Structure formats: structure tokens, C-alpha cells
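The structure appears right after this line, and notes come after that.
The values are calculated or read from the model by the stated rules, or taken from the named source; none is laboratory data. Just so we're clear, the structure is a prediction, and the values are computed from it rather than from any experiment. Backbone-built Cβ (ideal geometry, glycine too); neighbour counts: all protein chains shown. What goes into the accessible areas is simple: the full protein's heavy atoms, side chains included, and nothing from ligands, DNA or RNA. Shrake-Rupley method; radii C 1.70, N 1.55, O 1.52, S 1.80 Å.
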Amino acid sequence: MENIIINEVGPRDGLQNINKVLSVDERLTLIRALEETGIEHIEIGSFVSDKAVPAMTNTGGLINKLDNIDNYSVLIPNKKGLDEAKIHRVKEICTVLCVTDSMNQKNINQTVDETLNDLKLILGDSSKNGIRTKCYVSVAFHCPYEGKVDSTYVEAVVGQLLDYKVDEVVVADTIGAAHPKEVSALMTSLSSTYKDAIFSCHFHDTRALGLANVYSSLEAGIKKFDSCIGGLGGCPFAPNSSGNLATEDLVGMLELMNITTGINLDKLLVAREVASKLTNLTLKGRMY
Ligand code: HMG
Ligand code: MG
């Protein structure tokens, strides 16, 4: 079967929600261990307020220590983040829009409309500067504050982002509340409505439905997934957002299905040990 691309979000989503703040060198150690596995796409950090997310302080210093960031992305919440990305010659940015006002306010202190207005400028400016753009469509299924999110509305928001020429839309189940039928319905509908668009999926594994949701997305034609070493992860501003789907579980399932990822599972288990030592956490990926 066709290759699947995995984007590792451990150094960003994985580290932003834990108590221990890793040093730049410790974050670099984690990235180096991930690079050993053959993973080509890594979200290495974010340019956000140090006060809001202390764990992401000095992502610029981290970038300065990396030899080649061509395949790596950085999350940015606003224009200031884009300015930092340009200064550090980032090739790919991940913008973020939580599709409910309550969640977007908690995350980046803006309404959905305010963020959409800003994204029009940020996405346009990025592409003029040769920066590839992704946009997380967060709480795309369920919001911790507003409950079930209407899929017709989500599709309209995605349409607006595509009008703004975003290169990739990342559909995110921020609190891990979606089930495979909902995922199948939304991803099938998005793929058939916006045929030329690139979609990927980002699942949190709160209720152990991450792999089932990946399977639904595969059936809907999705070929790219975010995941996180050891199942670390979570948004500090979304109550009940626990870890991302573990990268080792995702690679393990795909291997069993004869789907290649270019990632070495044994080396992933080594990277999980590294992540566990750095974070002082017992990580919860199920592959051994
Ligand atoms: P604000 O208070 O409205 O912004 O926060 P502000 O413009 O008034 O600035 C406040 C302070 O932040 C100022 O510093 C700014 O300079 C600074 P001060 O004067 O107080 O010293 N600032 C920045 N610093 C660094 N980089 C920046 C930046 N912008 C302003 N880009 C703001 C708005 C967006 C800054 C704040 O709310 C914030 O940083 N939020 C963090 C959001 C975040 O990182 N959330 C987690 C990632 S999203 C996620 O996890 C979901 C995802 O995984 C997908 C899914 O699962 O759904 C992606
Ligand atoms: Mg996330």
C-alpha cells in the first residue's frame, strides 16, 4: 500500500503540557533521538508567549542548534510568531484556529473571526516569503467548552482557509473525543468537497480511539498524520486534552497493515526511552 507520512509533534505538543520545562539542550536531545528513527517531519517547537507556554521558551535558540530545518515546522499563533519564524528561516509554519470562540479565546485570546482575519494576512505573507503553511483546525469535532461542533460549519471554515491559500489543513481532535464514524464522515466530506486540498489528521488518544480514528481517516483517503512519541501531548488550554496518539503505536499498526512509513520501530522505542528519561515520565505508548 501507498506510503503514509508521519509528522512527529513530540517536541512541541508533547512538551508543552508537562510540568517539567526542558532546557534547549534537552529538547535538542529529544529531536536527535527522533531523527535517528528516520522520521523526516518534526514539529520542533512554537513561537508563543513564554508566559502562556513556558516549555516553548527560546525555540529560536533551539533552531540555531539544528543543522537542517528544511523538513521541520514551528507553530505560530500570530504575526509576531511569523516574524520570529522569518528571522529563524523556518520553512514551514503551523498556524492554529480553534473553531469555537470559547476555545480560541482560551488558546490565543481571539474570537474565531479575529483569527481568520489575521490568518488571511499571515498565510498570504508566508507564501510571499516562500514559507509553506499549515493550519490546525482545532476542536474540529468536540469542544471542551461548547460540546459537539457542527461539521457543516467546520467545512465552511476550512473553505475559508483554503481561499486564503493555506497549503495544508490539519484536522484536529484536540480533546480526543471523536469516534471513528464522526471522523469518517468529516474527512470523507472534506476530501470530496475540496478535492485539490491537502488534509492531515491530528488525534489525541484520551479515550483510546486514536488508532481507530486513523483507520477511518485512511479509508477516507488521508495520507498524513501527526503523532507524538510515547503518547505525550495535550493543549494546556483545553481541559481533558490528554496525550496525542503515540507515534510507536501508529507506526506499529501501519507496519502490521504493510503500510510503510520510513520509520524504524525499534529506534522509536529507543526514542521513547530518551523522552521518558528527559521528562521523568512513564510514557504510555503500547508498543514493546
Ligand atoms: P495576548 O496576551 O492576547 O497577546 O496573548 P499580546 O499581543 O497582548 O501579548 C502578550 C505578551 O506575549 C507580550 O509580551 C507579547 O510580546 C508576547 P509582554 O509584553 O507581556 O512581555 N507575545 C509573544 N511572545 C512570543 N511569541 C509570540 C508572541 N505574541 C505575543 N508569537 C498569545 C496572545 C497568542 C501570544 C498567547 O495567548 C499565547 O502565546 N498563547 C499560546 C497558545 C499555545 O501555544 N497553545 C498551545 C498550542 S495549540 C495546540 O496545542 C493545539 C494543537 O496541538 C492541535 C490540537 O490538538 O487541536 C496545535
Ligand atoms: Mg494537539
Review point. Looking at this structure, is Glu182 touching a Leu at 6+ places or on another chain (Cβ under 7 Å), among the acidic types (Asp, Glu) and either surrounded by fewer than 15 Cβ atoms within 10 Å (Cβ to Cβ) or assigned to a helix (DSSP H, G or I) (or both)?
Key: no
Point to revise | Residue selected from region 187-211 under the condition over 18 Å from the mean Cα position of the chain (by Cα) and assigned to a helix (DSSP H, G or I), by the criterion nearest to ligand 1 (Cβ to nearest atom) | key: Leu190
Check your understanding: Is region 227-242 home to any residue that is of a type in the set (Ser, Thr, Tyr), within 11 Å of ligand 2 (Cβ to nearest atom) and modelled with pLDDT under 95?
Key -> yes
Practice item. Could you run through region 89-110 and say how many residues are in a loop (DSSP other than H, G, I, E, B) and either open to solvent by 40 Å² or more (accessible area, probe 1.4 Å) or within 12 Å of ligand 1 (Cβ to nearest atom) (or both)? Key: 6
Point to revise | Pairs with Cβ under 7 Å, 6+ apart, first in region 32-43 and at negative phi, second surrounded by fewer than 18 Cβ atoms within 10 Å (Cβ to Cβ) and not in a strand (DSSP E or B) | key: Ala33/Val270; Glu36/Lys267; Thr37/Asn264; Thr37/Lys267; Glu40/Asn71; Glu40/Gly262; His41/Asn71
Review point. Just checking, which of Ser102, Ser73 is touching an Asp or Glu at 6+ places or on another chain (Cβ under 9 Å), of a type outside the set (A, V, I, L, M) and farther than 20 Å from Arg132 by Cβ?
Key: Ser102
Point to revise | Only one of Ile31, Ile5, Ile63, Ile39 that is more than 16 Å from ligand 2 (Cβ to nearest atom), at pLDDT 95 or above, open to solvent by 20 Å² or more (accessible area, probe 1.4 Å) and in contact with a strand residue (DSSP E or B) (Cβ under 9 Å, 6 or more places away or on another chain) | key: Ile5
Exercise for review: For region 219-251, name all the residues that are part of a helix (DSSP H, G or I) and either farther than 28 Å from Ser46 by Cα or open to solvent by 20 Å² or more (accessible area, probe 1.4 Å) (or both).
Suggested key: Glu219
Exercise for review: Check whether at least one residue in region 252-261 is open to solvent by less than 30 Å² (accessible area, probe 1.4 Å) and among the small types (Gly, Ala, Ser), and report yes or no.
Suggested key: yes
Revision key, fill the gap. In region 67-101, anything at pLDDT 95 or above and of a type in the set (Asp, Glu) is listed as Asp83, Glu84, Glu92, Asp101
